[in-house]
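Here the structure comes first, spelled out in structure tokens, and everything after it is commentary.
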Amino acid sequence: MQWYKKTTDETMNAFQTSQTHGLTAVEASEKRQAEGDNVIHEGEVSSRLQTFLLQFKDFMVLVLIAATLVSGLLGEYIDALAILAIILLNGCLGYIQERKAEKSLASLKALSAPQTLVLRDGAWEKVPSLELVTGDIIRLQSGDRVGADCRLLTADRLQVDESALTGESLPVDKTTAALLADELSLGDQENMSFMGTLITRGSGTAVVTATGMQTAMGTIADLIQSSASITTPLQRKLEELGKILIVAALGLTFIVVLLGIWQGHELYTMVLAGVSLAVAAIPEGLPAIVTVALALGVQRMIRRNAIIRKLPAVETLGCTSVICSDKTGTLTKNEMTVQRLWAGGEEWQVSGSGYAPKGSFHIPGSPDTEVDARHAPQLQQLLTFGALCNHADIQLDESGQYKLQGDPTDGALLAVASKAGIDRKGLLDDFTVVQEFPFDSQRKMMSVIVQNKKNELFVITKGAPDFISQRCNRRIHNGRIQRMGTTETRQMADVVDQMADDALRTLAVAYKKLVSIDEAKDIERVESELVLVGVAGMIDPPREGVRESIDACRDAGIRTVMITGDHAKTAAAIAGQLGMRRANGRILEGRQLDQMSAEELATDIDHIDVFARVSPTHKLRIVQAYQKRGHVCAMTGDGVNDAPAIKAADIGISMGKTGTDVAREASDLILTDDRFETIQAAVKEGRNIYENVRKFIRYLLASNVGEILVMLFAMLAGLPLPLVPIQILWVNLVTDGLPALALGMDQPEDEVMRRKPRPLKEGIFSRGLAWKIISRGFLIGAASLLAFWLTLNESGELIEAQTVAFLTLVMAQLIHVFDCRSDHSIFHRNPFQNMFLVAAVLLSFLMVLVVVYVPGLQTIFHTVPIGWREWLLVLGMAAIPTFLLSIFHFQSGAKQLQRRKPGVALK
Ligand code: ATP
């Protein structure tokens, strides 16, 4: 269907929809049933069976299966079946873990998917773009990614970047009139907009004409490469490490086997023991558990309103050393109330809060002298122009609350006008808005052209006072228009400074008469030679809890810097209230930044607390300067122009509520509540996830070292085999998986936010981890062997000694797992804080008891029941590694504490 040939009415009729009402919810859901979700199908994801089979692709597992089959053929049926059962069980666990990780990552993708503003049942609502159906009326705004193919109904300076579809790099201007040509290419269909393209400017409405695979993008879906799943640096590092460990484990296993054969053990027994040992000791599950730990952490972040879009960001988050935060809406509430007004040489204070039309005007300093706005023409003019040059709407909802739709700055101006009985809807009876030049943070102003009943045209402009004053050559003073020179500009600047010192956000209003609409073509001309009307000062209070979060970040060695388009003094006042100013900290304005070279900026940047009057383009330079100084920089943003800086930042953060699709797509982290505290929570979680990964690496590797060493020592000492293959595999299964997973869910240590940020390049084994792994592993192996030797000497029963060695190994690992929770000693943390771990350990304990005490299983696992005296030996030996080293740690920790100078905090 060539919709571009149809008029807007014909298109709407074809879909039985209307521009004022849209589809009904029922129609939309029926259509969705029929048309399916509005998504492009990417290549098939791996099937369940494939995922399951992949669990067995590991080379050593295949060798083990082969060896087991051989032992089965040799008549060792029970051993063979039991080993196969364990391999299968292991595979199932791996499968469950992998599916869990996949699922949570998929749900994450859905959460961060684009959304579209759609008209249903006469009301605008934001829905995930995948719910769009044909006939939906949608709104397109600068920064949106178009959710479906659509025919434009209105277009206000609408410009779309269609390069994703047509390869054309320049944005295309859009229109709404029907086009009559035949066979227009996509790029020439100026009244259409296509799924996946990007609105770079302006706004418009449209009716959806195709969804999902029916869209232009859908028809070329095969050409779109589905993005490869991203692995994090940590995962890659661990894969590398895994390879080294495989070689080491194989090498050691080989030595064990050779020694065993040399000591006179049967070849067949030693080969099976060797292969089992290799399977148990090779940490092939490590990357999988890391993925699960990352995915679980990401789920916890979602509960804290932080959506991670790119998995590697989880690791980088923990390294963040500076957070650059937008002021409005993130640090402050973004609930604006006009408190002061200045016009024509007079000043007023305004009472009332929120968007209700309740409040009055007073002379400053005399709250009892109420001013009737009807008798103050200059005040009235300021309020009228503020309400006309406006894009917001305030409505009373069912609960009796005044609700704002649109920009809070505009809302504050509507609210203050309503306190003087001036209503935008009433004004629109007398004035028609002919054209609008929307606000953008580069120009820092917005203009409208209005026409009155006498067909006279006026420009009304409002924006940042220092920017507006440059465009004014006259002002209204004492009811007369007069020239505006340096003195008059200074006068206004003084008023603005006073307001800003009181943390008010300021905005100036100006106007001029136009001779003809032709003058409206050039925005530069429109916004020049204006007449200044007055200034409004509005309060936007800091959010509760932000100050505490900033303090918490400071304790964690992270600096928070404010980035704002606002006046330097307003920004400084708010920064002061939030405790962000340092004694020698500076404020840098955008125009000063323009004068500095990249080197100068990088040299100075550590001394700057606030960047004021900056535009989004400055943000990129700020990020680069921090990076030059070696910082790991997080940067927030919400607009289209913020995207480059968000992309360049180590952690790009976008806003879920107010942000554009473009900003969200560029970001690593989305704050669904737009709050600063969420960044702090995410950093904390990021640090915790990393620590948890270190915890289970420590646990798994120490266990593996213990398993190898007990066999190696036995062979070196010319002793019989302390563990039989099936026991080794059982240790691997019961003690490795579940407790490691539970460590991945551990809560952060209190001090996790009292440490300096971790350097980005820090190795996984730094801060003494390698030593901990080797020392614990060594002691676990030695303790198990000692228990084996003592029992063998005393009872002379090999099978009993093996049972004791088996139990000592398991118990030592189950005690050691609690030690892994802290960088300090085992006594440092309450073990019952992590009930998953307690449950996992109890379950593992139960599983070893089963194989020792259930008669049928004893034959399979080569065990005998042991009495309380042996248990005392087992527990005593098992406790040695952890407690011995904990005491050592405790002492060295105390010494360190004594040596540390008092009162040195991380700042
Ligand atoms: P942030 O702190 O998140 O960067 P900001 O609100 O401080 O946001 P901008 O939105 O760029 O920064 O606003 C800069 C200045 O532009 C404001 O101080 C105000 O004077 C002016 N301004 C803001 N919103 C509007 C608007 N809707 N219309 C006209 N002028 C505006």
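The values are calculated or read from the model by the stated rules, or taken from the named source; none is laboratory data. It should be emphasised that the depicted structure is a prediction, and the values quoted were computed from it without experimental measurement. Note that we place each Cβ from the backbone using ideal geometry, even for glycine, and neighbour counts take in every protein chain shown.
What helices (runs of 4 or more DSSP H), lying completely within the range 472-582, carry at least 3 residues that are small (G, A, S) and within 41 Å of the chain's Cα centre (by Cα)? Step through it out loud before you land on a result.
Values: elements: 486-501, 523-526, 546-555, 568-577.
Where helices (runs of 4 or more DSSP H) fall fully within the range 472-582 and carry at least 3 residues being small (G, A, S) and within 41 Å of the chain's Cα centre (by Cα), they are 568-577.
Do the conditions hold for I605, that is, is it in a strand (DSSP E or B) and either at pLDDT below 95 or assigned by TED's automatic domain parsing to the domain that holds A572 (or both)?
It is false that I605 is in a strand (DSSP E or B) and either at pLDDT below 95 or assigned by TED's automatic domain parsing to the domain that holds A572 (or both).
Restricting to the range 418-448, what's the tally of residues that are within 12 Å of the ligand (Cβ to nearest atom), modelled with pLDDT under 90 and not charged (D, E, K, R)?
5
Identify the residue in the range 360-417 that is aromatic (F, W, Y) and over 17 Å from N334 (Cα atoms) and, among all such residues, is farthest from the ligand (Cβ to nearest atom). Write out each step before concluding.
Here is the first cut: in the range 360-417, the ones aromatic (F, W, Y) are 361, 385, 402.
So of that shortlist, the ones also over 17 Å from N334 (Cα atoms) come out as 361, 385.
Details: F361: 21, F385: 12 Å.
Among those residues, the one meeting the criterion is F361.
Among the residues of the range 544-584, count how many are within 18 Å of D674 (Cα to Cα) and in contact with a helix residue (DSSP H, G or I) (Cβ under 7 Å, 6 or more places away or on another chain).
Number of matching residues: 9.
Give me the residue from the range 318-350 that is among the charged types (D, E, K, R) and within 17 Å of H362 (Cβ to Cβ) and, out of that set, surrounded by the fewest Cβ atoms within 10 Å (Cβ to Cβ).
The extreme case among them is E346.
Which residue pairs have Cβ atoms closer than 9 Å, lie 6 or more positions apart in sequence or on different chains, and pair a first residue in the range 522-536 that is closer than 18 Å to D494 by Cα and in contact (Cβ under 8 Å) with a residue 12 or more places away in the chain with a second residue that is aromatic (F, W, Y) and in a helix (DSSP H, G or I)?
Going by the 9 Å Cβ cut-off, the qualifying pairs are V533/F385; G534/F385.
Name the single residue that is farthest from L267 (Cα to Cα) among those in the range 741-764 being among the hydrophobic types (A, V, I, L, M, F, W, C) and modelled with pLDDT of 85 or more. Step through it out loud before you land on a result.
We begin by selecting, within the range 741-764, every residue among the hydrophobic types (A, V, I, L, M, F, W, C); these are 741-743, 745, 752-753, 760, 764.
Now narrow it down to the ones that are modelled with pLDDT of 85 or more: 742-743, 752-753.
Values: A742: 39, L743: 39, V752: 51, M753: 55 Å.
The residue in question is M753.
Output yes when any residue across the range 654-667 is assigned to a helix (DSSP H, G or I), within 16 Å of the ligand (Cβ to nearest atom) and without any contact (Cβ under 8 Å) to a residue 24 or more places away in the chain, and no when none is.
Looking for residues that are assigned to a helix (DSSP H, G or I), within 16 Å of the ligand (Cβ to nearest atom) and without any contact (Cβ under 8 Å) to a residue 24 or more places away in the chain, one finds none in the range 654-667, hence no.
Could you grab me the full set of residues in the range 246-270 that are surrounded by 16 or more Cβ atoms within 10 Å (Cβ to Cβ) and more than 14 Å from M715 (Cβ to Cβ)?
Selection gives I246, A249, L250.
Considering only the range 516-530, state which residues are within 21 Å of T506 (Cα to Cα) and crowded, with 20+ Cβ neighbours inside 10 Å.
E527, L530
Looking only at the range 159-193, count every residue that is assigned to a loop (DSSP other than H, G, I, E, B) and crowded, with 21+ Cβ neighbours inside 10 Å and tell me the total. Give the derivation first.
Narrowing the range 159-193 to residues assigned to a loop (DSSP other than H, G, I, E, B): 162, 167-171, 174-185, 189-191.
Cutting the leftovers down to crowded, with 21+ Cβ neighbours inside 10 Å gives us 162, 174, 189, 191.
Of the residues in the range 159-193, 4 are assigned to a loop (DSSP other than H, G, I, E, B) and crowded, with 21+ Cβ neighbours inside 10 Å.
Sort out which residues of the range 581-601 are more than 13 Å from the ligand (Cβ to nearest atom) and closer than 26 Å to P541 by Cβ, and write them in order of number.
Initially, the range 581-601 is screened for residues more than 13 Å from the ligand (Cβ to nearest atom), giving 581-588, 591-601.
Listed by number, the residues that qualify are R581, R582, A583, G585, R586, I587, L588.
Considering only residues that are of a type in the set (A, V, I, L, M) and farther than 28 Å from Q435 by Cβ, look in the range 113-167 and name the one that is nearest to the chain's Cα centre (by Cα). Walk me through it before giving the result.
Our first condition is that a residue be of a type in the set (A, V, I, L, M); within the range 113-167, this holds for 113, 117-119, 123, 127, 130, 132-133, 137-138, 140, 146, 148, 152-153, 155, 158, 160, 164-165.
Okay, now just the ones that are also farther than 28 Å from Q435 by Cβ, so 113, 127, 130, 132-133, 148, 164-165.
On the way: A113: 13, V127: 20, L130: 21, L132: 26, V133: 29, A148: 26, A164: 25, L165: 28 Å.
Per the stated criteria, the residue is A113.
If the requirement is being among the small types (G, A, S), within 14 Å of the ligand (Cβ to nearest atom) and surrounded by 16 or more Cβ atoms within 10 Å (Cβ to Cβ), which of these qualifies: A556, A536?
Values: A556 fails: within 14 Å of the ligand (Cβ to nearest atom).
The unique qualifying residue is A536.
When you look at G630, is it within 22 Å of G557 (Cβ to Cβ), modelled with pLDDT of 90 or more and in a loop (DSSP other than H, G, I, E, B), yes or no? Quick ask: steps written out before the conclusion?
Values: within 22 Å of G557 (Cβ to Cβ): yes; modelled with pLDDT of 90 or more: yes; in a loop (DSSP other than H, G, I, E, B): yes.
Against the criterion (within 22 Å of G557 (Cβ to Cβ), modelled with pLDDT of 90 or more and in a loop (DSSP other than H, G, I, E, B)), G630 qualifies.
In the range 619-637, which residue that is under 30 Å from M445 (Cβ atoms) and surrounded by fewer than 23 Cβ atoms within 10 Å (Cβ to Cβ) is farthest from the ligand (Cβ to nearest atom)?
Taking the range 619-637 first, the residues under 30 Å from M445 (Cβ atoms) are 619-626, 633-637.
Subsequent filtering for residues that are surrounded by fewer than 23 Cβ atoms within 10 Å (Cβ to Cβ) retains 620-621, 624.
Values: L620: 14, R621: 15, Q624: 19 Å.
Per the stated criteria, the residue is Q624.
Could you say which residue among L760, L721, L729, L700 is surrounded by 22 or more Cβ atoms within 10 Å (Cβ to Cβ), assigned to a loop (DSSP other than H, G, I, E, B) and in the same structural domain as L843 (by TED's automatic domain parsing)? If you could, list the steps in order and put the result at the bottom.
Details: L760 fails: surrounded by 22 or more Cβ atoms within 10 Å (Cβ to Cβ); L729 fails: assigned to a loop (DSSP other than H, G, I, E, B); L700 fails: assigned to a loop (DSSP other than H, G, I, E, B).
One residue alone meets the criteria, L721.
Which number in (1) away from the ligand (no atom under 16 Å from the Cβ); (2) under 29 Å from Q159 (Cα atoms) marks the one condition that T461 misses?
(1)
Within the range 703-718, can you find the residues that are surrounded by fewer than 24 Cβ atoms within 10 Å (Cβ to Cβ) and either on the phi > 0 side of the Ramachandran plot or of a type in the set (D, E) (or both)?
Selection gives G718 alone.
Go through the range 586-629 residue by residue and tally those that are closer than 22 Å to T660 by Cα and basic (K, R).
Quick first cut of the range 586-629, residues closer than 22 Å to T660 by Cα only: 613-623.
In the following step, the residues that additionally are basic (K, R) were identified as 613, 619, 621.
Residues meeting the conditions: 3.
Check whether at least one residue in the range 638-647 is out of contact with any Pro (no Cβ under 7 Å at 6 or more places or on another chain), more than 15 Å from the ligand (Cβ to nearest atom) and among the aliphatic types (A, V, I, L, M), and report yes or no.
No, there is no match, as no residue in the range 638-647 is out of contact with any Pro (no Cβ under 7 Å at 6 or more places or on another chain), more than 15 Å from the ligand (Cβ to nearest atom) and among the aliphatic types (A, V, I, L, M).
Taking the range 315-349, which residues are among the β-branched types (V, I, T), within 12 Å of the ligand (Cβ to nearest atom) and in contact with a strand residue (DSSP E or B) (Cβ under 7 Å, 6 or more places away or on another chain)?
Here is the first cut: in the range 315-349, the ones among the β-branched types (V, I, T) are 316, 320, 322-323, 328, 330, 332, 337-338.
Now restrict to residues that are within 12 Å of the ligand (Cβ to nearest atom): 328, 330, 332.
Those that are among the β-branched types (V, I, T), within 12 Å of the ligand (Cβ to nearest atom) and in contact with a strand residue (DSSP E or B) (Cβ under 7 Å, 6 or more places away or on another chain): T330, T332.
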